[in-house]
Amino acid sequence: MVHINENYLKLKAGYLFPEIARRVTAFTETNPTAQVIKLGIGDVTEPLPPAIVAAMHEAVDEMANAPTFHGYGPEQGYAFLRNPIAEHDYQNRGVNVSADEIFVSDGSKCDTGNILDILGTDNRIAITDPVYPVYVDTNVMAGHTGDADENGRYAGLVYLPVTEENGFVPELPDEPVDIIYLCYPNNPTGTVATKETLQKWVDYARANGSLIMFDAAYEAFISDDSIPRSIYEIEGAREVAIEFRSFSKNVGFTGVRCAFTVVPKDLKVKASCETDVSLHQLWNRRQSTKFNGASFIVQKGAAAAYSPDGQQQKKQLIDFYMTNARLLKEGLEAVGITVYGGENAPYVWLRTPNNLSSWDFFDLLLNKGHLVGTPGSGFGGAGEGYFRLSAFNSRENVEAAIERFKAAID
Ligand code: MLT
């Protein structure tokens, strides 16, 4: 008899984005002529930067010739990518991360889930509420929680509300926690964490022997120089934090797939026999066993993002999406909507008008405006009454979306 992983049975309904897709499909089936604009999932729309396209073409040509062909690559990623990441994303900014602490992968979503392989099952886990649902669901799947209650909150997780009242910055937990997920710039609220905020969390982690999972997938969208882009800008973070980064949003790789995770060598955790264990070594062991590395062609493309042309084109892409974010924010504020985020992140987080529930507002926008966003409650109970719009779309669609939004709430 086959036994399944019964933890999957604890999961609530569908994962948020497939659930949205299901509702949109149902709508378009009954309204086949409707031109739906999607500002729901944060999926990029603009083509790859030319420097990256050229590098990937070249890489394909290398693969087409026996003398330059590549088979399996290093599981941790090629040096031609790990070196520029270390240099440009960290060392040039005065941050101590070396190339061999960087593990290249095919995505941050995968990495934030896979990292649980090297952690035990008895950790007390803290997440913000609202939160990127992957952190919760992967812990449910791994059996780190009990069942969900009627509000969708899982027994065993510590929920840290991020609300207007606390400026979307979670308070330190009032019970001890072992693992803390932080995502800044934040998905879904589009807000940022200051150096002082992050220092508070690093200090907490050091004092309590906790581990911070820092998701920095949106760091490239920070324009305010006082806001940290990496947790390792914070003193002591190398001893307590793992950082996840991605090429998905900054150079348009959602369909190409490339990301990386930094596991510093200073990060040690005590095993039950009291021996210090290096998480870097455990992750290396895990990746070498279960992963054969990201594709050579893809890594060549990612490396081109650090060339002079690549950097300039990346900046243009980010400016393009951040102009969308500004237009969305200003357009919504002009009709009296309360809006957060959208200044150092490609998401705007708005209060639903007339106290509508998040899903009621989703249905209203879809039916009246043929416009798709993401219900705040899909990110957690504290997201109820909020709604997220993504700035990843063409200018034309963003401008049309603002007009449709205004008409739908009129
Ligand atoms: C989102 O919309 O929250 C993101 O696109 C999801 C992701 O990056 O996996």
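Miscellaneous remarks
- Label-to-label distance, residue 239 versus residue 330, with points set 7 angstrom from Cα along the beta-carbon direction: 4.7 nm.
- Convex hull volume per residue in cubic angstrom - Cα atoms of the chain: 172
- On full extension, the segment bounded by residue 396 and residue 17 gains 134.1 nm, given 0.36 nm per residue less the C-alpha separation.
- Charge dipole (segment 53-306, unit charges on Cβ, about Cα centre) - positive-most of 79, 152, 90: 79
- If the chain linking residue 93 and residue 142 were pulled fully straight, counting 0.36 nm for each residue of separation and taking away their Cα-Cα distance, it would gain 14.0 nm.
- Under the convention that each Lys and Arg Cβ holds +1 and each Asp and Glu Cβ holds -1, the size of the dipole of segment 158-317 around its Cα centre is about 1080 debye.
- Using only alpha carbons, segment 194-320 has a radius of gyration to Kirkwood radius ratio (Rg to Rh) of 1.02.
- Under 21 Å from the Cα of residue 329 - lysines, other chains or at least 8 residues apart: 38, 249, 315, 368, 406
- Per residue accessible area in Å² of segment 53-306, where ligands, DNA and RNA are left out and the probe is 1.4 Å: 40
- Extreme residue, positive dipole direction of segment 53-306, given options 223, 141, 244 (C-beta unit charges): 244
- Placing +1 on each Lys and Arg Cβ and -1 on each Asp and Glu Cβ, with no other charges, gives the chain a dipole about its Cα centre of roughly 600 debye.
- Apolar share of the accessible surface for the chain: 49 percent from carbon plus sulfur atoms, 1.4 Å probe.
- Förster radius 60 Å - calculated FRET efficiency between residue 292 and residue 208 (Cβ-Cβ, nearest 0.05): 0.95
- For segment 281-385, diffusion coefficient by Stokes-Einstein and Kirkwood Rh (Cα), 37 °C, 0.692 mPa s, µm²/s: 190
The values are calculated or read from the model by the stated rules, or taken from the named source; none is laboratory data. Small disclaimer: the values here were computed from a predicted structure and weren't measured. A quick note on method: Cβ atoms are made from the backbone with ideal geometry, for glycine too, and the neighbour counts reach across all protein chains shown. Calculation scope for accessible area: heavy atoms of the full protein, side chains included, ligands and nucleic acids excluded. Shrake-Rupley method; radii C 1.70, N 1.55, O 1.52, S 1.80 Å.
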